[in-house]
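Everything on this sheet refers to the single structure shown next.
The values are calculated or read from the model by the stated rules, or taken from the named source; none is laboratory data. Since the model is a prediction, treat every value here as computed from it, not as a measurement. Every residue, glycine as well, gets a Cβ built from its backbone with ideal geometry; the counts of neighbours run over all protein chains shown. Surface areas here come from the heavy atoms of the whole protein model, side chains and all, with no ligands, DNA or RNA. Shrake-Rupley method; radii C 1.70, N 1.55, O 1.52, S 1.80 Å.
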Amino acid sequence: MTDKERQEAMAVTTAPYASDALAEGTVDAVVIGGGAAGLNGALILARSRRSVVVIDSGSPRNAPAEAVHGLLALDGTPPSEILRRGREQVRQYGGRVVHSEVAAAEPAAPSPDGDLRFTVTLADGRSITARRILVATGLTDVLPDVPGLAEHWGHSVVHCPYCHGWEVRDEPIGILATGPVSIDHAFLYRQLTEDLTYFTHGTDLDEDNRARFAARGIRVIDTPVTEVVNDENGALAGVRLADGQVVARRVVAVLAQLQARTQGLEGLGLPVLDLPKGRGFASGVAGTTEVPGVWVAGNVTDLTAQVGASAAAGALAGADINRMLAIADTDAVLHGAGPSPTSDF
């Protein structure tokens, strides 16, 4: 199975919803990404009476999961319900949510008073001009090339002990190692079950960590995993090894490589960092970037952030964007140009 086929097997899109009309003229901010980070950033901006448009592709990373966990007051809520409420709340304050994909985003000629401008072009050819951009496109999980793994993603194949751990407690769990980062992963899952097997799957495991695993009763198997095995009902039943042996497991935990969704954003020139767990956009305080006028928030820059942390990052970025717009508006009035014109929401 190719990387593209694995991603398609894992992909789940949100249910169709009414898409707002794309604003005409220049808006204060375009938010690229309609997940927790993007919607919370848009909410802060809309409540500050900023004209804001969210471009949402409708394919959130956590769509396969049945519920969001570890989020105060909303624990157990389906991801789709959180996003539905988020869209409604953004619209309540005048923000718009457009269901589409971004084909290109790039700087445009500044306004007569020198304020920044960006052009965001959608996949259908429509475009919108914005004074500022918040990138909150999230990431994709790149799983190891093991047949059967992607089909169970978000259910019996999990990644985060804080997102899914309670739900798989006391089950026979297998850790499919992807590198040194999987070692700590194993200790976290050992907190949740006494029946834990660590499949090194071609990765290194030194003698010190083997001793630590033995002390915690974690079984280590060095024979490579060749496929995930299902029972007669299609549920995950175990993994097959290269020698033909099947090791019974009900859950497989794997730290996939995390890749920021950067498609269509190349024109912004945002710096990218290679990190132990994957690749994401570099950012500073409140999601600022080296590109003036562009902020990033959520998993596109913080690869391991849960929903709550992503939403908080979006709020911080939204507030910082509003602050910078307020300064730009004041400078424009001070120099006699008047506030930068925005679209008629």
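For segment 213-229, a tally of residues being open to solvent by 70 Å² or more (accessible area, probe 1.4 Å), touching a residue at least 24 places away in the same chain (Cβ under 8 Å) and either farther than 23 Å from LEU192 by Cα or in a helix (DSSP H, G or I) (or both) returns 0.
Do the conditions hold for GLU88, that is, is it in a helix (DSSP H, G or I), within 30 Å of HIS185 (Cα to Cα) and open to solvent by 40 Å² or more (accessible area, probe 1.4 Å)? No, not satisfied. If the condition is being open to solvent by 40 Å² or more (accessible area, probe 1.4 Å), in contact with a strand residue (DSSP E or B) (Cβ under 7 Å, 6 or more places away or on another chain) and among the small types (Gly, Ala, Ser), then segment 125-171 contributes only SER127.
The set of residues in segment 230-263 being over 16 Å from the mean Cα position of the chain (by Cα) and in a loop (DSSP other than H, G, I, E, B) consists of ASP231, GLU232, ASN233, GLY234, ALA235, ALA242, ASP243, GLY244, GLN245, ARG249, ARG250. Has segment 46-67 got at least one residue that is part of a helix (DSSP H, G or I) and either at pLDDT 95 or above or of a type in the set (Lys, Arg) (or both)? Looking through segment 46-67, at least one residue is part of a helix (DSSP H, G or I) and either at pLDDT 95 or above or of a type in the set (Lys, Arg) (or both). One residue is enough: does segment 205-220 have a residue meeting the conditions at pLDDT 95 or above and under 27 Å from the mean Cα position of the chain (by Cα)? Scanning segment 205-220, I find no residue that is at pLDDT 95 or above and under 27 Å from the mean Cα position of the chain (by Cα), so the answer is no.
Would a scan of segment 189-209 turn up a residue that is farther than 17 Å from PRO276 by Cβ, among the hydrophobic types (A, V, I, L, M, F, W, C) and open to solvent by 50 Å² or more (accessible area, probe 1.4 Å)? Among the residues of segment 189-209, not one is farther than 17 Å from PRO276 by Cβ, among the hydrophobic types (A, V, I, L, M, F, W, C) and open to solvent by 50 Å² or more (accessible area, probe 1.4 Å), which makes the answer no. Residues in segment 260-276 that are under 28 Å from TRP153 (Cβ atoms), open to solvent by less than 80 Å² (accessible area, probe 1.4 Å) and modelled with pLDDT of 95 or more: ALA260, ARG261, THR262, GLY264, LEU265, LEU270, VAL272.
Looking at GLY76, GLY86, GLY114, GLY34, which one is within 22 Å of ASN299 (Cα to Cα) and without any contact (Cβ under 8 Å) to a residue 12 or more places away in the chain? Show your work before the answer.
Details: GLY86 fails: without any contact (Cβ under 8 Å) to a residue 12 or more places away in the chain; GLY114 fails: within 22 Å of ASN299 (Cα to Cα); GLY34 fails: without any contact (Cβ under 8 Å) to a residue 12 or more places away in the chain.
Result: GLY76 is the single residue among GLY76, GLY86, GLY114, GLY34 that is within 22 Å of ASN299 (Cα to Cα) and without any contact (Cβ under 8 Å) to a residue 12 or more places away in the chain.
Of the strands (runs of 3 or more DSSP E) entirely within segment 97-192, those holding at least 2 residues that are over 20 Å from the mean Cα position of the chain (by Cα) occupy 102-108, 117-122, 127-135, 173-176. Here segment 296-327 is the region considered, the condition is being under 14 Å from TYR162 (Cβ atoms) and hydroxyl-bearing (Ser, Thr, Tyr), and the residue that is least open to solvent (accessible area, probe 1.4 Å) is SER310. Criterion applied to VAL120, VAL157, VAL90, VAL142 was being under 27 Å from VAL307 (Cα atoms), hydrophobic (A, V, I, L, M, F, W, C) and modelled with pLDDT under 95, and the one residue passing it is VAL142. Cβ-Cβ distances below 6 Å connect the following pairs, each with a first residue in segment 285-304 that is within 12 Å of MET324 (Cβ to Cβ), a second residue that is open to solvent by less than 10 Å² (accessible area, probe 1.4 Å) and in a loop (DSSP other than H, G, I, E, B), and a separation of six or more residues or different chains: GLY287/ALA297.
Let's see how each residue does on (1) open to solvent by 20 Å² or more (accessible area, probe 1.4 Å); (2) touching a Ser or Thr at 6+ places or on another chain (Cβ under 6 Å):
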| residue | (1), (2) |
| --- | --- |
| ALA237 | yes, no |
| ARG240 | yes, yes |
| LEU258 | no, no |
| GLY278 | no, no |
